[in-house]
Amino acid sequence: MNEQQAKLVNGNFVVTRRVALESPAGGGMQRICAALESTDGVSSCSVDKRRRRLHVTYDTSRIGFGGIEQVVEGSGAVLARGGWARLKGAWFRYLDGNAKANAGGGSGACCSNPGDVYASRRHKS
């Protein structure tokens, strides 16, 4: 990530996710990490060769887990497709979608500001 990209990172929406691989690409996992780190919104990537996993840190207000998966598959790697990996992938896509919606909403999540709810109540005289 270059300096200009680093200035755009919203620290409230930075997460680290583990991406399990069925098989890495021919060039190896370091090449996949380099592709991820050059992607807008990705802060860092590290490799766990023994477990065939990538640890990716990114800003969910700029890129979601689906985008991470696309970059990994575009690099020639095969993502793990077991039941647990599919469930986690769906959960991460859901969480990142909510985070992106909250980041773009301006006032945060609806439940973080209950003042509007209490202000609309009628009080008995």
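Points worth noting:
- Enumeration of residues in segment 59-73 that are in a loop (DSSP other than H, G, I, E, B) and either among the small types (Gly, Ala, Ser) or at pLDDT 95 or above (or both): SER61, GLY64
- Put simply, of ALA101, ALA80 the only residue that is modelled with pLDDT under 95, within 18 Å of the chain's Cα centre (by Cα) and surrounded by fewer than 14 Cβ atoms within 10 Å (Cβ to Cβ) is ALA101.
- Only a single criterion out of (1) surrounded by fewer than 19 Cβ atoms within 10 Å (Cβ to Cβ); (2) farther than 22 Å from ALA103 by Cα is not satisfied by VAL19, namely (1).
- Checking each residue in segment 14-58 for being in a loop (DSSP other than H, G, I, E, B) and among the charged types (D, E, K, R) picks out ASP40, LYS49, ARG50, ARG51, ARG52.
- Residue check for ALA77: in contact with a Leu (Cβ under 7 Å, 6 or more places away or on another chain) and small (Gly, Ala, Ser): yes
- Residues in segment 17-35 that are under 22 Å from TYR94 (Cα atoms) and over 12 Å from the mean Cα position of the chain (by Cα): ALA20, LEU21.
- Matching residues in segment 42-64 - criterion: being surrounded by fewer than 21 Cβ atoms within 10 Å (Cβ to Cβ) and in contact with a strand residue (DSSP E or B) (Cβ under 7 Å, 6 or more places away or on another chain): SER43, SER44, SER46, VAL47, ASP48, ARG52, ARG53, HIS55, THR57, ILE63
- Contact annotation: residue pairs with Cβ atoms under 6 Å, 6 or more positions apart or on different chains, pairing a residue in segment 20-32 that is farther than 14 Å from ARG51 by Cα and modelled with pLDDT of 85 or more with a partner that is polar (S, T, N, Q) and in a loop (DSSP other than H, G, I, E, B), are ILE32/SER75.
- In segment 54-108, the residues that are within 17 Å of ALA20 (Cβ to Cβ) and of a type in the set (Val, Ile, Thr): VAL56, THR57, ILE68, VAL71, VAL72, VAL78
- Where a residue in segment 78-97 is under 19 Å from ILE32 (Cβ atoms) and its partner, wherever it lies, is loosely packed, with under 12 Cβ neighbours inside 10 Å, with Cβ under 7 Å and at least six apart: VAL78/SER23
The values are calculated or read from the model by the stated rules, or taken from the named source; none is laboratory data. Bear in mind that the values here come from a model prediction, so they are computed numbers and not experimental data. For neighbour counting, all protein chains shown are included, and Cβ atoms are generated from backbone atoms with ideal geometry for every residue, glycine included.
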